[in-house]
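Here's the structure, in structure tokens; my notes come after.
The values are calculated or read from the model by the stated rules, or taken from the named source; none is laboratory data. Predicted model, so just to flag it, every value in this text is computed and none were measured. No Cβ is skipped: glycine too gets one built from the backbone with ideal geometry, and neighbour counts run over all protein chains shown.
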Amino acid sequence: MMTTLKSLEIFSAFSEAMLEALALYVKIETFEEGDTIFKEGDAGTAMYVVEKGQVEIRKKDKTLSFFTKGSIFGEMALFENAQRSADAIARTDLTLYRLDNQDFRKFIFDYPKAGVRFLYTSINEMSRRLRLTSEYLTTVFETGRIVGGNDSLYDMTRKILDRLLSDINGSTGGLILIFNPFTEMYDVACQANLMALDLAGALKIIEKHADENPIHTLDEVTVLSVAIREAENILGFIMLEKTSESGPFSTQDEIIVSAVGCQVGLGIMKAYHKQEEEARRRLQRKKMLRF
């Protein structure tokens with residue numbers, strides 16, 4: 001426990017003795033994969049630190065973020081007695097450290113100087129998360145505008161790919177694949193600036209696709225592969241490239257592209273329905289010309 005607490009920046013101003021005193025208030029909790037840690041609307045009474053495993057923060061079935069070892073979440077409970085704004089779910093088997101707000105406030109009154117440093121670093125972290133949320137909402141909003149338009153399937157996917165290449169920092173290229181139900185194969189809907197990924201490589205990634213591990217290494221690039229979904233059906237894939245110089249894809253990148261993948265699924269179904277309607281109209285016109 002002490003090793004984990006020492007590694008957290010929010011406790012960087014705490015001495016060894018102070019951390020030992022704080023540890024007396026910390027409780028260990030374990031959860032199994034799929035367990036709910038707290039739900040939206042629950043009273044916020046504690047902050048958590050991830051010791052082992054991964055936590056998913058979800059709101060109305062939309063993933064907002066992930067937290068892994070050494071991450072803190074639910075820390076707003078230390079500042080206000082408000083309801084939780086989202087669900088926290090154990091994405092894997094999980095070990096957490098729990099610090100109740102009443103216990104922490106008692107501790108801060110005993111160590112006021114360290115409390116000021118804690119507040120400062122907490123504000124920095126909250127500012128960072130707010131910025132990431134703003135980026136996420138901007139991408140989702142713009143994708144919704146594209147999907148809600150009257151573009152063809154090709155034009156829609158091209159605009160979305162261009163948007164992602166602009167919004168995901170360091171991405172150098174990408175492609176969008178759509179499953180063709182008639183040939184039972186994946187067709188390239190659009191692609192841009194690819195350095196290493198081609199159709200053959202993309203199909204190999206699809207063969208071993210898993211939502212739990214969407215990042216793949218291919219030659220000199222890293223590929224983020226996210227399924228395009230409509231309900232439980234996979235309609236295609238969005239794949240983005242980054243070079244080693246650009247750095248790895250972040251969890252935030254994965255969340256943004258996953259959200260876009262769900263929106264694109266709705267757009268594809270809309271495009272299919274439009275094509276079917278146009279085909280019916282052409283057939284009807286042909287029938288009328290016979291008379």
### Message
Looking for something surrounded by 13 or more Cβ atoms within 10 Å (Cβ to Cβ), among the basic types (Lys, Arg), at pLDDT below 85 and not in a strand (DSSP E or B) - is there at least one such residue anywhere in region 198-208?
### Response
no
### Task
Please determine, by comparing only the residues of region 240-253 that are of a type in the set (Asp, Glu) and at pLDDT 85 or above, which one is surrounded by the most Cβ atoms within 10 Å (Cβ to Cβ).
241
### Query
Any idea which of 164, 130, 175, 119 is farther than 29 Å from residue 52 by Cβ and in a helix (DSSP H, G or I)?
164
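Against the definition (modelled with pLDDT under 85 and outside any loop (DSSP other than H, G, I, E, B)), how does residue 143 come out, yes or no?
Numbers: modelled with pLDDT under 85: no; outside any loop (DSSP other than H, G, I, E, B): yes.
Judged against the criteria, residue 143 is not a match.
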### Task
Can you give me the number of residues within region 82-118 that are surrounded by 14 or more Cβ atoms within 10 Å (Cβ to Cβ) and more than 23 Å from the chain's Cα centre (by Cα)?
14
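Right, residue 85: assigned to a strand (DSSP E or B) and among the small types (Gly, Ala, Ser) or not? If you could, list the steps in order and put the result at the bottom.
Working: assigned to a strand (DSSP E or B): no; among the small types (Gly, Ala, Ser): yes.
Here the answer is no, as residue 85 does not meet what is asked.
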### Message
part of a strand (DSSP E or B), touching a Gly at 6+ places or on another chain (Cβ under 8 Å) and surrounded by 19 or more Cβ atoms within 10 Å (Cβ to Cβ): is that true of residue 77 in this structure?
### Response
no
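Scan region 256-276 and tell me whether some residue there is part of a strand (DSSP E or B) and either exposed (fewer than 11 other Cβ atoms within 10 Å of the Cβ) or modelled with pLDDT of 85 or more (or both). Step through it out loud before you land on a result.
Initially, region 256-276 is screened for residues part of a strand (DSSP E or B), giving none.
Within region 256-276, not a single residue is part of a strand (DSSP E or B) and either exposed (fewer than 11 other Cβ atoms within 10 Å of the Cβ) or modelled with pLDDT of 85 or more (or both).
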### Message
Contact list please: Cβ distance under 6 Å, first residue in region 113-142 and not assigned by TED's automatic domain parsing to the domain that holds residue 267, second residue among the basic types (Lys, Arg) and assigned to a helix (DSSP H, G or I), pairs at least six apart or on different chains.
### Response
142/163
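Specify which of the listed residues (28, 37, 10, 57) is among the aliphatic types (A, V, I, L, M) and either part of a loop (DSSP other than H, G, I, E, B) or over 25 Å from the mean Cα position of the chain (by Cα) (or both). Let's see the steps before the verdict.
Working: 37 fails: either part of a loop (DSSP other than H, G, I, E, B) or over 25 Å from the mean Cα position of the chain (by Cα) (or both); 10 fails: either part of a loop (DSSP other than H, G, I, E, B) or over 25 Å from the mean Cα position of the chain (by Cα) (or both); 57 fails: either part of a loop (DSSP other than H, G, I, E, B) or over 25 Å from the mean Cα position of the chain (by Cα) (or both).
Selected residue: 28, the only one of 28, 37, 10, 57 that is among the aliphatic types (A, V, I, L, M) and either part of a loop (DSSP other than H, G, I, E, B) or over 25 Å from the mean Cα position of the chain (by Cα) (or both).
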### Query
In region 149-171, is there at least one residue being touching a strand residue (DSSP E or B) at 6+ places or on another chain (Cβ under 8 Å), at positive phi and either surrounded by 13 or more Cβ atoms within 10 Å (Cβ to Cβ) or among the charged types (D, E, K, R) (or both)?
yes
